[in-house]
Amino acid sequence: MNISFADHSLPRAGVLLLTAPKGTTFKGRLAEIDKKTGGTLKKAAKAANFEGKKGSFVELLAPKGVSAARLVILGLGDPAELTPTEAENLGGKIAGRFAEGTDKDLAIWLDETKGLALEMDELAARLAFGMKLRAYRFDKYKTKKKDENGKVKLAKAVIMSDATAKARRTFSDLAKLADGIFFARDLVNEPANILHPEEFAARVKEMSELGLKIEVLGEKQMEKLGMGALLGVGQGSRRESQLVVMRWEGGKKGEQPIAFIGKGVCFDTGGISIKPAASMEDMKGDMGGAACVAGLMRALAGRKAKVNAIGVIGLVENMPDGNAQRPGDIVTSMSGQTIEVINTDAEGRLVLCDALWYTQDRFKPKFMIDLATLTGAIMISLGQEYAGLFSNDDELSDQLFNVGEREGEKVWRMPMGPAYDKMIDSKFADMKNVGGRFGGSITAAQFLKRFVNDVPWVHLDIAGTAMSSPASDINTSWGSGYGVRLLDRLVASHYED
């Protein structure tokens, strides 16, 4: 869908959509269009009991007095309560309603509305952003399309307002953010026979065209670095494990970077501690954390963010062949700490611990945020509405919480402490990779904390939000791209010059 911005003009065909606040009285441009229809539009609204409720529609087919094939009014609700996220959701509703139909062109007229909480340029840009997000599809492997019975795809949407130039500028960064979200969604949606570690790394390398500096470390390089924990996970796969480093240098030269680390288990069978067959196909999405980091770095580079940022992703397959890691094995991490592998299905933390240590040791970042589809336990705690947040830093945690509330990608801080940390002590090594039945997401976070030193750090457990997330107004895909906008807005709000 091509989305553009323009000054007000009546379209010659297609759909003309008008907006109206709660309790609308048909003033301004709404009254102007109603007059052209001889009052038919107002009559249609009255017949449908349309009162401007947020997300409600009233539609008039083949209206007289205008060239558009359809006239539609969208309710904005209380304009004083219209947040950026709610504006995006309205954009998603628009795209969902008109994505397929008899018309391929849509014109949206925005009128100045008394008491509107958003500036007109932001309302226009956020509507466009929501429409763009909703338009995402992943159907590249479908060779036969459904019979559309004469329907056409919505090809062009024009958003008309009195703030065209500003809306276009405001949308520019949001469009780059959408590119990052789509990249993350694509990665999560890909099947594991296509997106193995080497292919994942190859797709990330293509982003060097955006100005990112990208390094790919293979198994021999990781062996020299002593990454025994990460390599142990992938030793049962015929696919080589990879560590990918992405650097965006948009800030001041020599300024301390911020760092994002992602778990990239491209397929997780559970290894020797094999998972049940039911829903194992979903484990193609066990690289949602790495997908988020890759999408974030794409967004930062795309909009030329004024920050120095590092993205590090550990890419492996967890497979159960004759060379696979066994329960009871002891591995040595890059930090020198030893780990007793109690359960080979608790593999993500083994990947992350070496990636975290490598990042803090090499780059000395201002902070580190890791993302991982790490535990089913976090879904028991928080469902699919919030990601679990674990941290050693209150300020960073508060920043993420507030940004998440504003942007609609919510996080909830979970407890940590010595009592939980004690649960991962091992009789035979420095630690074990699981802590027992209780507090599984917390003990996983305690494990990771042992590899961050004193660097401010946040762990986001996104098992419930990165894949198979509930459909929404702005996403109907299996992969959500969760975390890209959360972290992009964190950077924009707090860490850019």
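Put simply, of Ala117, Ala125 the only residue that is of a type in the set (A, V, I, L, M), more than 27 Å from Ala184 (Cβ to Cβ) and modelled with pLDDT of 90 or more is Ala117.
Contact map, the stretch 56-71: first residue in contact (Cβ under 8 Å) with a residue 12 or more places away in the chain and acidic (Asp, Glu), second residue surrounded by fewer than 21 Cβ atoms within 10 Å (Cβ to Cβ) and part of a strand (DSSP E or B), Cβ cut-off under 7 Å, separation 6 or more or different chains; pairs are Glu59/Arg70.
Please work out which residue is nearest to Leu90 (Cα to Cα), limiting yourself to the stretch 439-450 and to residues that are in contact with a strand residue (DSSP E or B) (Cβ under 9 Å, 6 or more places away or on another chain) and open to solvent by less than 20 Å² (accessible area, probe 1.4 Å). Walk me through how you get there before you give the answer.
From the stretch 439-450, those in contact with a strand residue (DSSP E or B) (Cβ under 9 Å, 6 or more places away or on another chain) are 441-442, 444-450; that's our starting set.
This time we only want the ones that are open to solvent by less than 20 Å² (accessible area, probe 1.4 Å), so: 441-442, 444-448.
Working: Ser441: 35, Ile442: 37, Ala444: 38, Ala445: 37, Gln446: 40, Phe447: 42, Leu448: 39 Å.
The qualifying residue nearest to Leu90 (Cα to Cα) is Ser441.
So that you can scan it fast, the table gives a plain yes or no per residue for (1) part of a loop (DSSP other than H, G, I, E, B); (2) touching a Pro at 6+ places or on another chain (Cβ under 8 Å); (3) under 17 Å from Asp370 (Cα atoms); (4) among the charged types (D, E, K, R):
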position	(1), (2), (3), (4)
Asn402	no, no, no, no
Gly435	yes, no, no, no
Ile442	no, yes, yes, no
Ala445	no, no, yes, no
His459	no, no, yes, no
Pro470	yes, no, no, no
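Please determine whether any residue of the stretch 296-303 is within 20 Å of Ala387 (Cβ to Cβ), small (Gly, Ala, Ser) and either open to solvent by less than 30 Å² (accessible area, probe 1.4 Å) or over 17 Å from the mean Cα position of the chain (by Cα) (or both). Within the stretch 296-303, one or more residues are within 20 Å of Ala387 (Cβ to Cβ), small (Gly, Ala, Ser) and either open to solvent by less than 30 Å² (accessible area, probe 1.4 Å) or over 17 Å from the mean Cα position of the chain (by Cα) (or both).
If the requirement is being open to solvent by 20 Å² or more (accessible area, probe 1.4 Å) and closer than 18 Å to Tyr482 by Cβ, which of these qualifies: Met283, Met287?
Numbers: Met287 fails: open to solvent by 20 Å² or more (accessible area, probe 1.4 Å).
The unique qualifying residue is Met283.
Close Cβ contacts (under 7 Å, 6 or more residues apart or on different chains) running from residues in the stretch 271-297 that are free of Cβ contacts under 8 Å to residues at least 60 places away in the same chain to residues that are part of a loop (DSSP other than H, G, I, E, B) and of a type in the set (Gly, Ala, Ser) are absent.
A single member of Arg168, Arg185, Arg203 is touching a Gly at 6+ places or on another chain (Cβ under 6 Å) and among the basic types (Lys, Arg), and it is Arg185.
Screening the stretch 401-415 for residues that are open to solvent by less than 50 Å² (accessible area, probe 1.4 Å) and of a type outside the set (Gly, Ala, Ser) and picking the one that is nearest to Tyr482 (Cα to Cα) gives Glu409. Would you confirm whether any residue within the stretch 371-390 is open to solvent by 10 Å² or more (accessible area, probe 1.4 Å), at pLDDT 95 or above, among the aromatic types (Phe, Trp, Tyr) and part of a strand (DSSP E or B)? No: the stretch 371-390 contains no residue that is open to solvent by 10 Å² or more (accessible area, probe 1.4 Å), at pLDDT 95 or above, among the aromatic types (Phe, Trp, Tyr) and part of a strand (DSSP E or B).
So which pairs qualify, if the first residue must be in the stretch 108-123 and open to solvent by less than 20 Å² (accessible area, probe 1.4 Å), the second must be of a type in the set (Asp, Glu) and not in a strand (DSSP E or B), the Cβ gap must be under 9 Å, and the two must be at least 6 apart or on different chains? What qualifies is Leu110/Asp162; Met120/Glu112; Met120/Asp162.
Residue check, Gln360 against (1) out of contact with any Asp or Glu (no Cβ under 7 Å at 6 or more places or on another chain); (2) outside any loop (DSSP other than H, G, I, E, B); (3) open to solvent by less than 10 Å² (accessible area, probe 1.4 Å), all met but one. Which one? Tallying (1) out of contact with any Asp or Glu (no Cβ under 7 Å at 6 or more places or on another chain); (2) outside any loop (DSSP other than H, G, I, E, B); (3) open to solvent by less than 10 Å² (accessible area, probe 1.4 Å), Gln360 fails exactly one: (3). Summed over the stretch 11-53, the residues that are open to solvent by 60 Å² or more (accessible area, probe 1.4 Å), in contact (Cβ under 8 Å) with a residue 40 or more places away in the chain and touching a helix residue (DSSP H, G or I) at 6+ places or on another chain (Cβ under 8 Å) give a count of 1. Of Gly75, Gly96, Gly92, all but one fail to be within 26 Å of Lys46 (Cβ to Cβ), open to solvent by less than 40 Å² (accessible area, probe 1.4 Å) and assigned to a helix (DSSP H, G or I); the exception is Gly96.
Listed conditions (1) in contact with a strand residue (DSSP E or B) (Cβ under 8 Å, 6 or more places away or on another chain); (2) modelled with pLDDT of 95 or more are all met by Pro79, apart from (2). Residue pairs, Cβ under 6 Å, 6 or more apart or interchain, first in the stretch 165-177 and touching a residue at least 40 places away in the same chain (Cβ under 8 Å), second open to solvent by 50 Å² or more (accessible area, probe 1.4 Å). List them. Hits for this filter: Thr170/Glu122.
Assess whether Glu347 counts as being under 21 Å from the mean Cα position of the chain (by Cα) and of a type outside the set (A, V, I, L, M). Break it down into steps so the answer makes sense when it comes.
Numbers: under 21 Å from the mean Cα position of the chain (by Cα): no; of a type outside the set (A, V, I, L, M): yes.
For Glu347, the condition - under 21 Å from the mean Cα position of the chain (by Cα) and of a type outside the set (A, V, I, L, M) - is not met.
A single member of Thr344, Thr359 is of a type in the set (Ser, Thr, Tyr) and under 22 Å from Thr269 (Cβ atoms), and it is Thr344.
The values are calculated or read from the model by the stated rules, or taken from the named source; none is laboratory data. Everything numeric in this text was worked out from a predicted model, so none of it was measured. Cβ sites come from the backbone with ideal geometry, for glycine too, and all protein chains shown count toward neighbours. These area figures cover heavy atoms from the full protein model, side chains too; ligands, DNA and RNA do not enter into them. Shrake-Rupley method; radii C 1.70, N 1.55, O 1.52, S 1.80 Å.
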